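Remarks on the structure that follows.
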Amino acid sequence: MPFTGPRDESWDGPLAVPVTAGCTGAGAEEGPAAHPAGHFAAGLRLLPPRQVHAVQPQLSPDQQSAVDVIQGSGPVLLPGAPGTGKSTVLVEAAVQRVVRDAVDPEKVLILAPSRLAADALRDRFTARLDRSLSTTPARTWASYAFDLIRRAKAEGILPLARPPRLLSGPEQDLIIRELLEGHRLPGLELPWPADLEGALETRGFRQEVRQLFDRIIESGRTPGDLVRLGRECGRPDWIAAAALYAEYRDVLDLRMPEAFDPAGIITAARQIFQESPAFLAAERDRLQVILVDDVQEANPAIFELLADIAAGKDCFVAFSPDTVVQGFRGARPDLVAELPQLLSPQSPVLERPLQYAHRHAPAVARAWLGVADRISQRAGGQLARRLEQLPCQQLPGGEVHNGRQQGAVEAHLVPSAVHELRYVAQRILDQHINHGRDLADLAVIVRNGAQVSEFQRYLSGQGIAVRVPVAESAVRDEVAVRPLLDAFAIALDPDLLTPEAAVSLLTSRIGGATSIELRRLRQSLRKEEIQGGGGRTSDALLVEALLEPGALSTLGIEGRAARRAARMIQAGRRAAAEPGANAESVLWALWHSTGLAGAWTETALSGGPHGARADRDLDAMMALFHTAERYVDQMPGAGPEQFLEYLLNQELPMDTLAARAQVDDAVELLTPASAAGREWPVVIVAGLQEGVWPNTRLRGELLGSTLYSDAVEHGAEYALQRDPLSRLRDIRYDELRSFSTAVSRARELLVCTAVSSEDDQPSSFLDYVAPLEPGQEARAFTAVERPMTLRALVAELRQHAQLEGRDAAQAGEAARVLAFLARAEPPVPGAHPQSWWGLLPLTTEAAVVPPGGTVFVSPSKVETVQKSPLDWFIQAAGGEAATDFARSLGTLVHAIAQEMPDASGAEYVEELVRRWPALGMKDNWEGRLDFQRAESMVRKLAQYVVLMRSEGRSLLGVEQDFEVALGKVPVDDAAEREAVLRGQVDRLEIDREGRLVIVDLKTGKRQPGKGELSRHPQLGAYQAAVLAGGFTDAQGSPGDPLPGGAVLAQLGTGAKNPSIQQQDPIDPQENWAMDMVTEAAALMAGSSFEARHDPAKGSHGGRGCRLPEVCPLCVRGRQVTE
């Protein structure tokens, strides 16, 4: 990433240069991009952390009332909507206790739901005190609980041989996996219900088990409690799960007693308090003031821990029950109603509700209230749903609302996902360019990590700097990492290398093959196979070449990507076979074998869009190796297989404390969880689709973890009364709270977008923030203009510069602007006509066939050249689509016809069944339909054989080669070239009169019309070859044969019987076919190839064009050729 920071005005040395994540400093020698010591010494300087100083904020009356609560007043509740200044009150209350009441800062505890929130509170607190502290005043709940466990161990209260540590997710998953595998042995089975038998070995089942275990640990229950609840609730799976959970606890106690489950760390801390009242009393004495932010994100165990340390003491607890992002982790916003009883059971607590909007402009505040009003309101939440403007519209600092500060809320529909990406980019650039906002003043919030990755790729491609939280996107989803993981999996199990996987690997960021290279690679492999007498498909050869790289040694540049992929797989297989192999060793072998570290590093340092992409790729590789390092450290006995499964199974990205270089002025791209607690002047909430946001899929229902939580808290009878609809309603409320959080991040402008199409329906959430106007029946599509980028501007100017007639003046203005952009320093790419494809000079005007060369013509190419010379040339140059299934099927049918030319229908079907697996089709409904189509073809072939005999013809040969010299043909204005007609006929037959009949077996669905048969180019070329003596050497052929016509045997049409299309014999005195062949030879050897459209054809884009992308007669092609 670009290494940026505050500008040092006194620095007169070289400017900082972009530095990749692969470089960890001078002399870094490990990781994906290792560099020699001092490589960046001239361009890299380290900057100290920014010094943050804060001035005392001007508090509103409701805030001041809370801050002024005197020492010794007991618990204070701070209900308030988002943006009412709850966090500010907590910081200021802590500062006042230190400054006014002389409370030792070391005895202040600030708790927050996430590490980012805790860090922000810590920074604000220390900035207001303007001094550093020896301890961390702000912690997450889990961090505080772990600190209690650590101190209990240090004081001898907790008898542990080793320092306590958190049990990682992979460790927990591995233990559960080992236990489940052990219970699959005969005689050791657990009593799982029969309907779960098919799920026991799946990854998803282990996730369900982990989720149930987490709920058991959080509630502090035992396996016996689970058995009892299982009987009461009629859940036999809980009885089996209880036995598994008991073994799980035993394994932990024996193998790693110092490890604590993340889900149970709060419960473990409470247990220490219960078993050691003196330790609890000392902790309560130590803490003089406790401040808790966003307690609505807490689960029941956290509420109970808070009661242990804060009941009756000075504490400030802030909450907003309508903004929750930790619902999937057990957050219980309804429990805020229990706070008065938990914190002050003997006397009433102080309540200081916050009601004034310090963040939101009026329009945004109304939008948030519109969303919050849709959420079921629980007791204790009434005071947290007030969002009023300050009296006299006065803001802190004496500012008054002007027109801009009134704010705006917009909802937009677009017709496709691509339009949504373009619209978001357009709005970002509009705010940045036309409204003068820094990019850092904007945020884009989406529902999940997959959407984060999609928007990041698109916005970065448009040149918009984007900042994504480190733990927002999973490592496995990175474009550069995925092929490495695919190669990792293939190295462990070569059977995973299917033709599809091979193509994906070759065309990936690591493989780097283009579609043309891939096609040429297939052709080269197939050519060598045929020359060696084989008949395997290119798919099979591709797979074999990557597993046995010796097959690639004879290939040229077309084998470049394949050789790299094969090296990777071989290196991975060798590394995995080494004794003691682990995730790090196999990953390093794979990465090192690619040889891309130096190239990507050089590209990253060169800057520009390509440099930014290489920089991101190297960052992704570093993150992958960091993940592998942590896994190996935490799981020293685990093999590469477990790491791969763990990484592919990660539902949430792995968090990290490692610092990453980030661009200062960049658009933030986040999910609601990472946006919580922050704010921006402009927020764009994108991807509001039904089924995505809200995502109302029931969670944890296989093993009933939600039912278990209800049964523990309210009893089995209550839990059983809840039906799926009530649970769906709860999930929808959770989704609304998450959406409410996203909406509440905006200060001045909130923009919400959704797609409306046949496949995507907009979410109802869109109407909550911006309801339709009275009388408005539906929301219209929003026009998506071009993004305000130089690239888009140049494209639009080039389009207008070509206008003529009445628009000539506009064209002239566009040309002048393009000239200005072309003369700029640096010049704008694409502005100068020298870079326009349609105006580039021809690379050569020489004929395709050099002087002294020979033009080789085949009958099938005669037809293509006659229809459109440009089509033939593009295909001959490698521009034809890669071999698809239809062609592979046709090859198979032709191979059967060659080896069994006179078989019966049953014999043909038997041979088809034997060869069918070579096509690699799946055994599903689609594969069965394809087999039925192939079976129909071979049965029609048998019918044709019978029909041939009935007409008095006999077979002379199959796949019969021929070659005929055509003499010299004229080539443009150059010297003539020798031409040869050569090819191969499917079947060569002889009729009763001794004439040769050429039969071409067709497996496609299209057949020529009756009017085309008389002058069909391919059939005519075959007959011309007969007249020219191309088959005189065929066994059984008469000495001077005449043509008896040519036949197209249509096997691939939907008809029940083969369709026989016959061309009449050509009169030797009127050999029109030879003239056509000679003309085709002259065209094929020339230097120019024109495009032709057949107005009678309706396929291929409507005018019979197979290549509209480069055809000058097509609209799409004119963009390239003009």
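Do we find a residue being buried (at least 19 other Cβ atoms within 10 Å of the Cβ) and touching a residue at least 60 places away in the same chain (Cβ under 8 Å) anywhere in the stretch 519-536? Talk me through it step by step, then tell me what you get.
Step one: filter the stretch 519-536 for residues buried (at least 19 other Cβ atoms within 10 Å of the Cβ), giving 519, 521-522, 524-526.
Still in the running and touching a residue at least 60 places away in the same chain (Cβ under 8 Å): 519, 522.
Within the stretch 519-536, one or more residues are buried (at least 19 other Cβ atoms within 10 Å of the Cβ) and touching a residue at least 60 places away in the same chain (Cβ under 8 Å).
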Report summary line: Checked pairs for the stretch 115-139, first more than 23 Å from V295 (Cβ to Cβ), second among the small types (G, A, S) and in a helix (DSSP H, G or I), C-beta under 9 Å and 6 or more apart or across chains, list as L129/A94
Report summary line: How many residues of the stretch 536-552 are closer than 13 Å to Q523 by Cα and not in a helix (DSSP H, G or I)? The answer is 2
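Give the residue, chosen from R992, R949, that is basic (K, R), over 52 Å from the mean Cα position of the chain (by Cα), farther than 22 Å from V1077 by Cβ and assigned to a helix (DSSP H, G or I). Even if it seems obvious, please write down each step before you answer.
Working: R992 fails: assigned to a helix (DSSP H, G or I).
That would be R949, the only listed residue that is basic (K, R), over 52 Å from the mean Cα position of the chain (by Cα), farther than 22 Å from V1077 by Cβ and assigned to a helix (DSSP H, G or I).
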Report summary line: Of (1) surrounded by 15 or more Cβ atoms within 10 Å (Cβ to Cβ); (2) touching a residue at least 60 places away in the same chain (Cβ under 8 Å), S515 fails just (1)
Report summary line: Going through (1) surrounded by 20 or more Cβ atoms within 10 Å (Cβ to Cβ); (2) farther than 26 Å from G715 by Cα; (3) not hydroxyl-bearing (S, T, Y) one by one, I265 fails only at (2)
Report summary line: Over the stretch 580-604, the set of residues in a helix (DSSP H, G or I) and among the aliphatic types (A, V, I, L, M) is A583, V586, L587, A589, L590, A597, A599, A604
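To keep it simple, each residue is scored yes or no on (1) closer than 30 Å to L750 by Cβ; (2) out of contact with any Asp or Glu (no Cβ under 9 Å at 6 or more places or on another chain); (3) among the hydrophobic types (A, V, I, L, M, F, W, C).
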site	(1), (2), (3)
L335	yes, yes, yes
Q341	no, yes, no
S347	no, yes, no
L350	no, yes, yes
A357	yes, no, yes
P362	yes, yes, no
A372	yes, no, yes
**Report entry** Answer from E989, E1012, E976 - the residue that is at negative phi, crowded, with 19+ Cβ neighbours inside 10 Å and acidic (D, E)
**Finding:** E989
Query raised in the report: Would you say R184 is of a type outside the set (G, A, S), outside any helix (DSSP H, G or I) and either under 22 Å from L707 (Cα atoms) or at pLDDT 85 or above (or both)?
Result: no
Query raised in the report: Could you say which residue among V769, V794, V865 is within 30 Å of T1078 (Cβ to Cβ), crowded, with 18+ Cβ neighbours inside 10 Å and β-branched (V, I, T)?
Result: V865
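Is there a residue being outside any helix (DSSP H, G or I) and either surrounded by fewer than 16 Cβ atoms within 10 Å (Cβ to Cβ) or not β-branched (V, I, T) (or both) anywhere in the stretch 561-579? Spell out the reasoning first.
Step one: filter the stretch 561-579 for residues outside any helix (DSSP H, G or I), giving 578-579.
Narrowing further to those that are either surrounded by fewer than 16 Cβ atoms within 10 Å (Cβ to Cβ) or not β-branched (V, I, T) (or both): 578-579.
Within the stretch 561-579, one or more residues are outside any helix (DSSP H, G or I) and either surrounded by fewer than 16 Cβ atoms within 10 Å (Cβ to Cβ) or not β-branched (V, I, T) (or both).
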Report summary line: Of the residues in the stretch 755-802 that are acidic (D, E) and under 22 Å from W368 (Cβ atoms), the one that is modelled with the highest pLDDT is D767
Query raised in the report: Only one of (1) part of a helix (DSSP H, G or I); (2) surrounded by fewer than 16 Cβ atoms within 10 Å (Cβ to Cβ) fails for Y144. Which number is that?
Result: (2)
Report summary line: Over the stretch 885-918, the set of residues within 23 Å of E500 (Cβ to Cβ), touching a Lys or Arg at 6+ places or on another chain (Cβ under 8 Å) and buried (at least 17 other Cβ atoms within 10 Å of the Cβ) is L889, L892
Query raised in the report: Is there any pair linking a residue in the stretch 784-799 that is under 15 Å from F820 (Cα atoms) to one that is among the small types (G, A, S), with Cβ under 6 Å and at least six apart or on different chains, and which?
Result: V794/G830; V794/A831; L797/A814
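The values are calculated or read from the model by the stated rules, or taken from the named source; none is laboratory data. Values in this document were obtained by computation on a predicted structure and should not be read as measured data. For neighbour counting, all protein chains shown are included, and Cβ atoms are generated from backbone atoms with ideal geometry for every residue, glycine included.
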